[in-house]
Amino acid sequence: MIFDKLCGVVEKQLPELRRYVEGARLFHFDGNPHEFIPNRFEEIEFLRENFYLPFRTVALEDNASVILIQDPEPNMRGLQPMRFYLECLPFTKEGNDAAFDDERLGIIAPDTKKEIRQWASTFPEERFTISWGFIRIGFVERPGAEMITHVEGSVQETMLVSKSEIFHRLNYDEIMQAPGSHILRQSALVNAKVAMQEVVIMNQPKNFVLEIAPTKTRHTARSGKIVRSGDRPIYMILPPKEIRKRMLLPDSQTQTGRAVAPHERRAHTRTYRNARFVNMQGKQVVIPATWVGRSEAVIGKKVYKVLLDI
């Protein structure tokens, strides 16, 4: 996984970033972002005030990159606060098609994209761009059209590294003065925006967080290394039907015997805002989770657990 490669780079070259990587909970998404991020999100007003990270620091990995997002303070809510991000984008001899797709580099001219691919193919060993800064996103709804996700933030530092060497390292002022710096900044922020959209998927109550943990772990911590993906829980954001398939469980309709499948939803908060709620207006309540049947299973050397209250 890209996360494991990031761990190796941080251990050998960037120890000042270790605390972010070490404390992150790792989320994995199958495929490229444009394949699973919807064109529209539900309940935007609710998200503006109640969006949250499932853990204070999360690492979100898809086919292209891994990006860490961290709340500046525990238990933050809403889209307004600036959040810390750290992006790790790999470049290999074969190139990284997911990293260079039009969805991520649409702002870059085709000739420049070609040059980037050719440049990456000359590396004798795998290299990574690692950038960090601060970000927030917002949504603009357009009736009858695709929703716009806008992003604002900064790139405080960016570097080109391998496990054995730091080739380039630019701070904020150097980035702002560098030729083509707008491309560098925009690329990092677009990727961080994608990671935030992936968290928004989790914020939809119809989706659940599935924890997949090894039944046994090695004593990695004693070796001084950051715990790799094989020895830590990995989290996935999935609808109930997909979770049951992975856990080899019957669907909820079969278990209840009802003609209509039950409406399973993750625990979430709800704020009463409508004027008709005279006594409850402005108050926030917790809606309990609804799940049918078992929420844990051991399959082979993995423990699967549906996190109902996250």
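The values are calculated or read from the model by the stated rules, or taken from the named source; none is laboratory data. Note that the coordinates shown come from a computational prediction; the quantities given were computed from them, not determined experimentally. A quick note on method: Cβ atoms are made from the backbone with ideal geometry, for glycine too, and the neighbour counts reach across all protein chains shown.
Brief remarks on what is shown
- One residue from Lys301, Lys283, Lys305 being modelled with pLDDT of 90 or more and surrounded by fewer than 12 Cβ atoms within 10 Å (Cβ to Cβ): Lys301
- Exactly one residue out of Ala213, Ala178, Ala192 is among the small types (Gly, Ala, Ser) and within 28 Å of Glu42 (Cβ to Cβ): that is Ala192.
- Selection over segment 191-208 of residues that are modelled with pLDDT under 90, in a helix (DSSP H, G or I) and surrounded by fewer than 20 Cβ atoms within 10 Å (Cβ to Cβ) gives a count of 0.
- Residues that are over 22 Å from Lys5 (Cα atoms), part of a loop (DSSP other than H, G, I, E, B) and in contact (Cβ under 8 Å) with a residue 24 or more places away in the chain, drawn from segment 217-252: Pro239, Met247, Leu248, Leu249, Pro250
- For Ile183: the one exception among (1) in the same structural domain as Arg48 (by TED's automatic domain parsing); (2) of a type outside the set (D, E, K, R); (3) in contact with a strand residue (DSSP E or B) (Cβ under 7 Å, 6 or more places away or on another chain): (3)
- Checklist (1) modelled with pLDDT under 95; (2) farther than 30 Å from His168 by Cα; (3) among the aliphatic types (A, V, I, L, M) applied to Leu53, failing item: (1)
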